[in-house]
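The values are calculated or read from the model by the stated rules, or taken from the named source; none is laboratory data. Predicted model, so just to flag it, every value in this text is computed and none were measured. Virtual Cβ from ideal backbone geometry, glycine too; neighbours counted across all protein chains shown. Each accessible area value is taken on the protein alone, full model and side chains, heavy atoms only, with ligands, DNA and RNA left out. Shrake-Rupley method; radii C 1.70, N 1.55, O 1.52, S 1.80 Å.
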Amino acid sequence: METIKHIRSEEDAIKLMNIALEHEWAVSFEYLFHAYSFPKGKFFYRDPVLKRKQDVRAQTIQIGIDEMYHSLQLGIIITKMGGTPSFETDEVFRYPRIIDNLERDKKTEDLVTNLYQSAEFEEGAFPKIRNMVLNISYDEVRHSDQFSAMMDAMRAEGAEDALCYQSSPDSAQKQEVQLLHGIMQAENKIMHRYLKFVILFAEHQDLSQRLYKNAIDHMRNWDKNSGILIKMGDVIRIENAERDTDGIERSVNPMPSAYPGEDRLSALESLVPAEKSLVAQYEKLLSLVPDGEIRNQLEIHRGLDLEHVFTQEWLLENARKIKGLA
Ligand SMILES: [Fe+2]
Ligand SMILES: [Fe+2]
Ligand SMILES: [Fe+2]
């Protein structure tokens, strides 16, 4: 992660926010890669603020969602100031042991807390940005404490060596597993495409909120699909990851660094074919899955995407009808 200490100009402020944004994007899915590789309802910790026992996996997902909100906030302010929000991301890792992932997550929290808290703003300059940066930094302090508490709890019960789900070579070769990996990748990409436009059209709340709703649907599908993969004997894949001899995976480009669509029409035009292609991927997978719980869940995801096709076609049609809609 780059750093920037002295914030004097608008350019400096945008630079600080874009450095932070690349971090926030990365952790927003790195934590999910981790959580989706952890068993559900198996490891618990006592949350220092909630003052109750919480599931390690569920809270790690919740922290990932907080990071997505940080990304959105930063992206919206960068755009408002005339900058371009970055979709590049910092590198992500996955370790075989659960606790090593939590350790990594705590370290990245402390790193970004330092980025936010050590930025020195010229007296009186950008008070709202300064305030936002401080507010976000205390979410990071909270996250760091949560990851610490999770590790303490795992050590206390002697679970240091508990492993993440591993991909089994037999399962990974199955056609339905391969198709589901493709769908997961597409779901994550389309979610970020929607988020790009949520940022781009933030001043048009009607459009922005509609696009945001679809982004969240895709996030939920991603979440459910990760559970289906485990039932199929595999685990979420990190795109473009290389695995070293210790089994540590590292990816410097886990997600695309750019998405098509720069204005209202080109944005809306790009979403319809993306939705249709995702529906087609679900159709293909459904043709291989017998009746039962998994099929039912996959049909729900396909249904949501069919609804998105309907909505997006009308958003596009309606935008074309109105002259003067920039
Ligand atoms: Fe964050
Ligand atoms: Fe955080
Ligand atoms: Fe969709």
Query raised in the report: Within the stretch 162-284, how many Lys pairs sit with Cα atoms under 17 Å apart, leaving out pairs fewer than 8 places apart on the same chain?
Result: 8
Report summary line: Residues meeting the amide H criterion for ILE7 (H placed from the backbone, H to H distance under 5 Å, 5 or more places apart or on another chain) are GLU120, PHE121, GLU122
Report summary line: Counting sequence-distant residues (5 or more places) and residues on other chains, those with an amide H built under 5 Å from that of PHE44 are VAL56
**Report entry** Table column - 3J(HN,Hα) (Hz), the stretch 309-319, Karplus curve with 6.51, -1.76, 1.60, x for Gly and Pro
**Finding:** 4, 4, 4, 5, 4, 6, 4, 5, 4, 5, 5
Requested in this report: With an 8 Å cut-off on Cα pairs and a minimum separation of 6 or more residues, tell me the relative contact order of the stretch 120-257 in percent.
Outcome: 21
Query raised in the report: Applying the Karplus parametrisation 6.51 cos²θ - 1.76 cosθ + 1.60 with θ = phi - 60° to the phi angles of the stretch 120-130, what ³J(HN,Hα) value in whole Hz is obtained for each residue in order, glycine and proline being reported as x?
Result: 9, 8, 4, 3, x, 7, 6, x, 6, 5, 4
Report task. Over the alpha-carbon set of the stretch 78-171, divide Rg by the Kirkwood Rh and report the Rg/Rh ratio to two decimals. Result -> 1.13
Report task. Using only Cα positions of the stretch 277-326, each an equal point scatterer, no hydration layer, compute I(q)/I(0) via Debye at q = 0.13, 0.24 Å⁻¹ and quote the log10 values to two decimals. Result -> -0.43, -0.84
Report summary line: Note to self, the chain gives a 222 nm [θ] from helices alone (DSSP H runs n ≥ 4, -39500 (n - 2.57) apiece, / all residues, nearest 500) of -23000 deg cm²/dmol
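Please report the carbon-and-sulfur percent of the accessible area for the stretch 27-162; probe 1.4 Å, protein heavy atoms only, DNA, RNA and ligands left out.
Carbon-and-sulfur percentage of accessible area, whole number: 51.
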Report task. Compute the separation of the alpha-carbon centres of the stretch 261-326 and the stretch 129-172 and state it in Å as a whole number. Result -> 33
Report summary line: Kirkwood calc, the chain, C-alpha pairs only, radius in angstrom 21.0
Query raised in the report: Given 0.36 nm per residue, what is the gain on full extension from LYS15 to ASP170 after removing their alpha carbon distance, in nm?
Result: 51.2 nm
Query raised in the report: What figure in square angstrom, to the nearest 10, would you give for the accessible area of THR89 with a 1.4 Å probe?
Result: 20
Requested in this report: Note down the magnitude of the dipole of the stretch 99-171 about its Cα centre, charges +1 on Lys and Arg C-beta and -1 on Asp and Glu C-beta and zero elsewhere, to the nearest 20 debye.
Outcome: 280
Report task. Could you compute the FRET efficiency for GLU123 and ALA280, with r as their C-beta to C-beta distance and R0 at 45 Å, rounded to 0.05? Result -> 0.20
Query raised in the report: Considering only protein heavy atoms, what per residue accessible area in square angstrom results for the chain with a 1.4 angstrom probe?
Result: 47
Query raised in the report: Relative contact order, percent, of the chain when contacts are C-alpha pairs under 8 Å separated by at least 6 residues?
Result: 19
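May I ask you to work out the translational diffusion coefficient for the stretch 1-138 at 20 °C, viscosity 1.002 mPa s, via Stokes-Einstein with Rh from the Kirkwood sum over Cα pairs, reported in whole µm²/s?
It diffuses with D of about 135 µm²/s by this estimate.
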Query - the stretch 45-59 - phi-based ³J(HN,Hα) in whole Hz, Karplus 6.51/-1.76/1.60, Gly and Pro as x - result: 9, 8, 6, x, 9, 6, 6, 7, 6, 10, 6, 4, 4, 4, 6
Query raised in the report: If amide H atoms are built 1.01 Å from N in the plane of the peptide, which residues on other chains or at least 5 residues away come under 5 Å of the amide H of LEU163?
Result: ILE98
Report summary line: Among TYR212, LEU102, THR113, the residue whose Cα sits farthest towards the positive end of the charge dipole of the chain (+1 at Cβ of Lys and Arg, -1 at Cβ of Asp and Glu, taken about the Cα centre) is TYR212
Query - Extended-chain gain in nm, criterion 0.36 nm per residue less alpha-carbon gap, ASP110 and LYS40 - result: 22.6 nm
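What does the charge add up to near LYS276, with Lys and Arg as +1, Asp and Glu as -1, over the other residues with Cβ less than 11 Å from its Cβ? Walk me through the numbers on the way to the answer.
Working: positive: none; negative: GLU275, GLU283, ASP305, GLU313.
Net charge around LYS276: -4.
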